[in-house]
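Q: First the structure, then my questions, so here it is.
Just so you know, all these numbers are worked out from the coordinates, no wet-lab data involved. Given the structure is predicted, the values throughout are model-derived calculations rather than measurements. All Cβ positions, glycine included, derive from the backbone under ideal geometry; neighbour counts span all protein chains shown.
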Amino acid sequence: MSKQKGFSLLELIIVITVTTILLTVAVIAYSSSSKHSADNQARQIIDILDEARQKALNQRTIFRVEINKTRNRVRLIDENTATTAADDVEVKSIPLVSQITIGPTSPNVSATPTATSPIPVGTYSSSTYPLSSGDQKITLRFRRNGQVVDAGTDSIGTGSVVNGMTIYVYPTTASGVNPDVVRAITVLGTSGDTSLLKCKFSSGQCTAWVR
């Protein structure tokens with residue numbers, strides 16, 4: 001008759017210990033990767049916003065930034081002639097990270113980022129501009145006087161108003177699961193100045209913001 005030998009108690013303890021260590025390392029690595037991805041994406045967006053402001057001031061024309069959810073890109077566009085959209089030119093474009101949510105507020109954010117005052121959260125809407133017609137995008141238009149205005153009502157920005165914006169950036173999570181890393185980009189409508197803020201968490205809730 002063959003003899004069968006099971007795991008000893010010591011062997012089981014070793015296996016459980018090793019498994020626990022590996023799971024802990026995996027969780028830490030995932031958290032670090034999520035934080036890095038959110039930080040990197042937020043900085044890329046700020047770089048384009050700052051470039052749009054600088055170009056608008058230097059070249060004395062309107063530059064538009066579109067966070068395009070349909071094409072999964074952030075685009076910097078030179079509007080050139082103010083009276084027509086036919087000469088709009090894309091100056092730069094960067095891809096958005098698929099595992100990162102950009103724009104809306106995370107459910108666990110209870111504190112509002114502030115600059116000189118609370119700034120409204122950017123919302124996606126259907127584009128009327130030829131280079132992104134019908135796409136879902138967030139639009140910021142930088143004027144030559146430093147002001148930031150919204151998309152307006154048509155392809156040349158008719159009726160646009162000065163409008164700052166808060167843009168949230170955080171890892172996309174499964175339904176019902178809140179992110180543990182949240183960044184906020186604020187843009188002042190009166191000057192185009194940008195800030196990158198980091199969320200401070202307490203009991204899983206974002207309760208304060210720091211630079």
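Q: Can you tell me how much longer the chain between THR114 and ARG60 gets when fully stretched, taken as 0.36 nm per residue apart minus their C-alpha distance, in nm with one decimal?
A: Details: separation 54, 0.36 × 54 = 19.44 nm, distance 2.90 nm.
Result for the pair: 16.5 nm of gain on full extension.
Q: Between VAL210 and SER98, what is the FRET efficiency for a Förster distance of 25 Å, r being their Cβ-Cβ separation, to the nearest 0.05?
A: With R0 = 25 Å, the Cβ-Cβ based efficiency is 0.35.
Q: Charges at C-beta only: +1 for Lys and Arg, -1 for Asp and Glu. How large is the resulting dipole of the chain about its Cα centre, in Debye rounded to 20?
A: Numbers: 21 positive and 16 negative charges, 101 e Å.
Its charge dipole is roughly 480 debye.
Q: Right, another one. Run the simple label-point estimate for GLU90 and THR105 please: 7 Å along Cα→C-beta, distance reported in nm.
A: 3.3
Q: Based only on other Cβ atoms within 10 Å, what is the fewest-to-most ordering of GLU90, GLU66?
A: On the way: GLU90 14, GLU66 25.
Arranged by neighbour count, lowest to highest, GLU90, GLU66 become GLU90, GLU66.
Q: If you rank VAL162, VAL74, VAL210, VAL97 by fewest surrounding Cβ atoms within 10 Å, what's the result?
A: Working: VAL162 12, VAL74 23, VAL210 7, VAL97 17.
Ascending number of Cβ neighbours within 10 Å: VAL210, VAL162, VAL97, VAL74.
Q: I need the Debye-formula profile for the chain: one equal scatterer per C-alpha, no solvent, reported as log10 I(q)/I(0) at q = 0.08, 0.11, 0.16 1/Å, two decimals.
A: -0.36, -0.57, -1.03
Q: Which angle between 0 and 90 degrees, to the nearest 10, do you get for helix 9-59 versus the longest principal axis of the chain when only C-alpha atoms count?
A: Long axis of 9-59 versus the principal axis of the chain: about 10 degrees.
Q: How would VAL187, VAL109, VAL91 line up from fewest to most surrounding beta-carbon atoms within 10 angstrom?
A: On the way: VAL187 27, VAL109 22, VAL91 14.
The most exposed by this proxy come first: VAL91, VAL109, VAL187.
Q: Can you check what the net charge comes to around GLY122, using other residues whose Cβ is under 14 Å from the Cβ of GLY122 (Lys, Arg +1; Asp, Glu -1)?
A: Within the 14 Å Cβ shell, the charges total +3.
Q: What residue among GLN147, GLN59, GLN44 has the largest mean-square fluctuation in a Gaussian network model of the chain, using Cα springs under 10 Å?
A: GLN59
Q: Please check: in the Gaussian network model of the chain (C-alpha springs, under 10 Å), which one of ILE138, ILE21, ILE156 has the largest mean-square fluctuation.
A: Per the Cα network of the chain with a 10 Å cutoff, ILE21 tops the list.
Q: What does the extension gain come out to for SER126 and THR19, with contour length at 0.36 nm per residue minus their alpha carbon separation?
A: Values: separation 107, 0.36 × 107 = 38.52 nm, distance 4.85 nm.
Using 0.36 nm per residue and subtracting the Cα-Cα distance, I get 33.7 nm.
Q: Before anything else, pin down the relative contact order of the chain: Cα pairs under 8 Å, at least 6 apart, normalised by residue count, whole percent.
A: Details: 421 pairs, mean separation 42.6, N = 211.
Contact order relative to length: 20 percent.
Q: What list of whole percents do you get for P(r) of region 93-181, with Cα-Cα distances grouped in 5 Å bins up to the one holding the largest distance?
A: Pair shares across the bins are 3, 12, 18, 21, 20, 14, 9, 3, 0.
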